[in-house]
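Since the structure comes first, as C-alpha cells, the remarks are kept for the end.
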Amino acid sequence: MKPVRALPLLLPLLFIGSALLAQSEESVWFDGQSRSFFSRDALGAMDRPDTTSPRNLSEGYNLLDINTHIEPADNLEVFAQLRVRNRFGGFFGAGTTIDVRQLRASGVIKDKVRFSIGDLYLKQSRFTLFNPDEDLVRNEGEAFRAYRDIVHYENFYQDNRWRLQGIQTDFSMRFDRSIRTLEFDAFLTRPRGSESLTSTLFTPDLLMAGGSVVSQMGRKTHVELNWVNLFEVPSSGTTHQSLRNPVVRVGIERQDETGNWTVRHAVEGGYAQRHWLFSQLEDGGADSSGYRTEGVYFELRSEPMRLDSLWSFQYGVRHVDPGFRSGGAQTRRLDLGGTVPLMVYPTYSDEGLDRPVAMFDLMASDGVYNQMLSATLMDFHPVYSNVLPYGDATPNRQGAFLQVNRRHGGGEWEVQLDGGAYREIIGQGTSDLRQFNLLAGRLAWRADRTLGWNRTVDLIAGADVEQTSRTGEPLAAVDLSRRVLDVFANVEVADRLFLQGAIKRLDAQGNEFITDRNGFGSIRTFRAREYDVSDHILSAGLWYAFSDAVYANVQYSGWGSSLADPLQPDFNYRRLLFVFSVRL
C-alpha cells in the first residue's frame, strides 16, 4: 500500500462520527487500541567476528486502531476497525498507511436468531475447531507480556479462537422437561480465496462450514455435537484436485457433588476423514483412496475440585488415531516450515550465515506466526514442542495425562503440576514406537502477602521438561531431552511502578527424525537431526500501569544461543524495548 497522508482522510471520518454521535448518543460509539513501539538491537559478544552487520539497528512506529460501532436500527450493529500506522522517521504523512483492518455486521432477528457477517472469531472443541497456544508459553506468565500482547493482537488470537471471514448464526430453545435447553450454531467461512499459481493455474476457494448442537439434559448432564468440514470448491479454480476434510465430535459431561468436592466427568469421541477429489479421473473423482486418511479419537476425563477451589485435579486418557486429521484443530500458530522470516539480524558472522531460529524470535518476529488454516500437518521444531506439537489433537498419540492445582487459602502462593505419558500408535519408518513424557511445574508466590508488605512482590518460577525416546533398531533410535526454565520477579517500587526481571532458558540434547511430507500430507522420508543447544533470554525493566487498560514498559534484554556446532557459531544480541499501550 502506498504511503498516504493520514490527517486529511482521518479528520472527515472523525467529523462524520462526531456528527452522528451528536444526533444520537446511543447509535454511534468508539473504542480501539493505540500503541507506540520502539526497539534498538545491538550486537553482543559473538563466537565469530561479524563486521558485515550493523553494530546496532533501530525501528519503531505509532499506530491507532479506531473501532467504530454504529447501530442503524434496533438489534443491529455495524463494526469497522480503521488502522492508522506511522513508522518512526516518517514526517508530514510520509511512511503513514491507513487500512481497514476489520469489518462486521451483527444483529438479532425477532429477538431470537443472532447473526454475524464479516470477521468472526470462532471456536468449537479441541478436536474440531480450536487455536492451540504457541510453543514455550506454559510457564512464562507476565514476564514478556508486552511482546505477547502484540503477537496476539496483531494475529487476532483471542481465547483460542480462529479469526475467519464469513457468516454465523445461532439460536436457542428452552424446555421444562428432561431436556432443559437446546442451542444451535452454524457458520460458513472462507479461510482462503482462489490463488494464482501460474498464469493459467489457480487454486480453488477454501471454505469451512460447521455447526453445533448443545443440550442441557437435566441439571447435571451436558451433551454436545460438533461438525466441521474444511473443503475446496473445484469450480472456483483450475487445478484438478479439491480437498474434503469433514470432522464430527460428540461429547457428554456430567457434574456431581460429593461432600466438599464437585466432580465433572467427561467422555468424548469423534471421527475425521480427509481426502482429495480429482476431476480429471473418468469416474469424476471417486477414486481418491490413495490420498485418503481417516481416523477416530476418544478421551475420558475427570476434573475434581474442592468447593473452596484450594485443590483441583484433571486426569484422564486420550487416544488419537494416526489418520485423524482436523485442519481446524491441528493448525499451528507457529509456522516453522521452509525459510522462517526473522526480523532481527537474519544473517550473522563474516560468512553471512543464516541465523537459526531462537526463542527470542518466537516473541519478536511476526513472520513466524500463522493466521491461515492448514489442511495438512504443519512443520514444527522438535526442540520447542515434540510431545504434543498440534495440541491435544496431535495424531498418532495415546496415553494418560494429569494436572494438579493447589492454591493457598489467602492467595499467598499457588502450585501447578502438569504431566503426561504418551506413545505412538504405529511406528514411523520402523515398527518401534516412540515414547513421549511431559512434566511441567509452576510456583507463584505473592511474597507481599506472606511478609505483610504494602506493595506487590510477585515471584514466579516454572520448569517444563519433555523427553522423547525410541529403542530397538540402532539406526532408528531416538533420544531427545528438552528443558525450559522460567523465572520472573515483579516488585512494586512505587505506586503502580514495577521493577521486573525475567530469565528464560532452554536446553536440548539428543537426536530426532524430522518428517518430510508431500503436498497431500503423506510422508516421503525422514531426516536425521542432532541437537545440542542452549538458548537464553535475560530481561530487566520497568513497568508502569496507568490503569488496567494503559501501561508503559521499558526493558533491556540479552538473548542468544550456544549451538555446540563448529559449522554454526554461537550468537548473542542485546535489545532495548519501549512499548506504550492504550486500550481505548
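Going through (1) out of contact with any helix residue (DSSP H, G or I) (no Cβ under 8 Å at 6 or more places or on another chain); (2) at pLDDT below 95 one by one, Gln165 falls short only on (2). Taken over segment 500-551, the criterion of being closer than 27 Å to Ser326 by Cβ and among the small types (Gly, Ala, Ser) is satisfied by Gly519, Gly521, Ser522. Return the residues of segment 333-371 that are closer than 24 Å to Thr51 by Cβ, surrounded by 16 or more Cβ atoms within 10 Å (Cβ to Cβ) and acidic (Asp, Glu); say none if nothing qualifies. Across segment 333-371, the qualifying residue is only Asp361.
Yes/no per residue for (1) closer than 23 Å to Asp532 by Cβ; (2) crowded, with 18+ Cβ neighbours inside 10 Å:
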| position | (1), (2) |
| --- | --- |
| Ser385 | yes, yes |
| Asn396 | no, yes |
| Gln403 | no, no |
| His408 | no, no |
| Gly427 | no, no |
| Thr450 | no, no |
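Here Leu277 clears all of (1) touching a Phe, Trp or Tyr at 6+ places or on another chain (Cβ under 7 Å); (2) modelled with pLDDT under 95; (3) in a strand (DSSP E or B); (4) not acidic (Asp, Glu) except the condition numbered (1). Each residue in segment 329-369 was checked for being outside any loop (DSSP other than H, G, I, E, B) and free of Cβ contacts under 8 Å to residues at least 24 places away in the same chain, and 2 of them qualify. Sort out which residues of segment 334-350 are at pLDDT 90 or above and either out of contact with any Asp or Glu (no Cβ under 8 Å at 6 or more places or on another chain) or on the phi < 0 side of the Ramachandran plot (or both), and write them in order of number. Within segment 334-350, Leu334, Val344, Pro346, Thr347, Tyr348, Asp350 meet the criteria.
For the subset of segment 121-145 comprising residues that are of a type in the set (A, V, I, L, M, F, W, C) and within 16 Å of the chain's Cα centre (by Cα), which member is farthest from Arg325 (Cα to Cα)? I'd like the intermediate steps shown before the answer.
Pass one, segment 121-145, residues of a type in the set (A, V, I, L, M, F, W, C): 122, 127, 129-130, 136-137, 143-144.
From what is left, the residues that are within 16 Å of the chain's Cα centre (by Cα) are 122, 127, 129-130, 136-137, 144.
On the way: Leu122: 19, Phe127: 9, Leu129: 12, Phe130: 13, Leu136: 24, Val137: 25, Phe144: 33 Å.
That would be Phe144.
Conditions tested, residue by residue: (1) surrounded by fewer than 16 Cβ atoms within 10 Å (Cβ to Cβ); (2) out of contact with any Leu (no Cβ under 9 Å at 6 or more places or on another chain); (3) touching a residue at least 40 places away in the same chain (Cβ under 8 Å).
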| position | (1), (2), (3) |
| --- | --- |
| Ser431 | yes, yes, yes |
| Ala463 | no, no, yes |
| Gly472 | yes, no, yes |
| Ala477 | yes, yes, no |
| Val491 | no, no, no |
| Lys504 | no, no, yes |
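Residue count for segment 205-231 satisfying the condition of being among the basic types (Lys, Arg) and buried (at least 20 other Cβ atoms within 10 Å of the Cβ): 0.
This table checks each residue for (1) assigned to a strand (DSSP E or B); (2) without any contact (Cβ under 8 Å) to a residue 40 or more places away in the chain; (3) in contact with a Leu (Cβ under 7 Å, 6 or more places away or on another chain); (4) more than 24 Å from Pro389 (Cα to Cα).
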{"site": "Gln509", "(1), (2), (3), (4)": "yes, yes, no, no"}
{"site": "Ile514", "(1), (2), (3), (4)": "yes, no, no, no"}
{"site": "Leu538", "(1), (2), (3), (4)": "yes, yes, no, yes"}
{"site": "Ala552", "(1), (2), (3), (4)": "yes, yes, no, yes"}
{"site": "Ser581", "(1), (2), (3), (4)": "yes, no, no, yes"}
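Taking Gly210, is it modelled with pLDDT of 90 or more and within 28 Å of Ser172 (Cα to Cα)? Spelling it out, Gly210 is indeed modelled with pLDDT of 90 or more and within 28 Å of Ser172 (Cα to Cα). The residues listed here are Leu377, Leu402; of these, the one that is in contact (Cβ under 8 Å) with a residue 12 or more places away in the chain, among the hydrophobic types (A, V, I, L, M, F, W, C), in contact with a Lys or Arg (Cβ under 8 Å, 6 or more places away or on another chain) and within 25 Å of Ser125 (Cα to Cα) is Leu377. Restricting segment 455-487 to residues that are in contact with a Ser or Thr (Cβ under 9 Å, 6 or more places away or on another chain), in a strand (DSSP E or B) and charged (D, E, K, R), which is farthest from Asn511 (Cα to Cα)? The selected residue is Glu466. Scanning segment 381-438 for residues that are in a strand (DSSP E or B) and among the aromatic types (Phe, Trp, Tyr) turns up Phe401, Trp413, Tyr422, Phe436.
If only residues of segment 172-204 that are surrounded by fewer than 17 Cβ atoms within 10 Å (Cβ to Cβ) and among the aromatic types (Phe, Trp, Tyr) are counted, the one that is modelled with the highest pLDDT is Phe184.
The values are calculated or read from the model by the stated rules, or taken from the named source; none is laboratory data. A quick note: this is a predicted structure, and the numbers were derived from the prediction, not measured. Note: ideal-geometry Cβ built from the backbone for every residue, glycine included; neighbour counts use all protein chains shown.
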